[in-house]
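**Q** Sharing a structure, written as structure tokens. Questions coming.
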Amino acid sequence: MNVTEQDEAAQAAADTHAAPASTLTDKERAAIAQMPYEEARDKLIQAVQALEAGGLSLDQSMRQWEIGEALARRAQSLLNDVRARLDAAQDAQAATADTAGTQSNLD
């Protein structure tokens with residue numbers, strides 16, 4: 001087997017074991033992308049509870065997992081945004097702390 005054949009065989013094996021296509025619809029993805037933090041968190045908790053309770057088929061379990069992953073990404077993204085805004089506010093406050101309450105602050 002030459003190098004090209006080995007590469008093709010390796011790719012075929014990788015394709016066989018590749019993750020299945022997403023089961024989430026575009027509408028579901030869009031809904032998750034618009035959720036406020038609290039809703040995403042609460043729905044994530046529900047997905048985890050469904051998985052922990054068991055009794056789901058493999059397909060149902062995988063769907064709950066995928067939903068949970070999407071919700072977790074949304075919630076983390078919102079938390080990251082808040083952290084960035086807080087950091088920016090702290091940086092701005094630190095930059096003006098030296099002149100706070102002085103005449104130069106009023107100029």
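**Q** Restricting to helices (runs of 4 or more DSSP H) lying wholly in the range 1-77: which have 1 or more residues that are in contact with a Phe, Trp or Tyr (Cβ under 9 Å, 6 or more places away or on another chain) and modelled with pLDDT of 90 or more?
**A** 37-53
**Q** Contact list please: Cβ distance under 9 Å, first residue in the range 21-45 and in contact (Cβ under 8 Å) with a residue 24 or more places away in the chain and under 17 Å from Met62 (Cα atoms), second residue among the small types (Gly, Ala, Ser) and surrounded by fewer than 16 Cβ atoms within 10 Å (Cβ to Cβ), pairs at least six apart or on different chains.
**A** Every condition considered, the pairs that remain are Arg29/Ser22; Leu44/Ala72.
The values are calculated or read from the model by the stated rules, or taken from the named source; none is laboratory data. Predicted model only: the values in this text are computed from it and were never measured. So basically every Cβ, Gly included, is an ideal-geometry build from the backbone, and we count neighbours across all protein chains shown.
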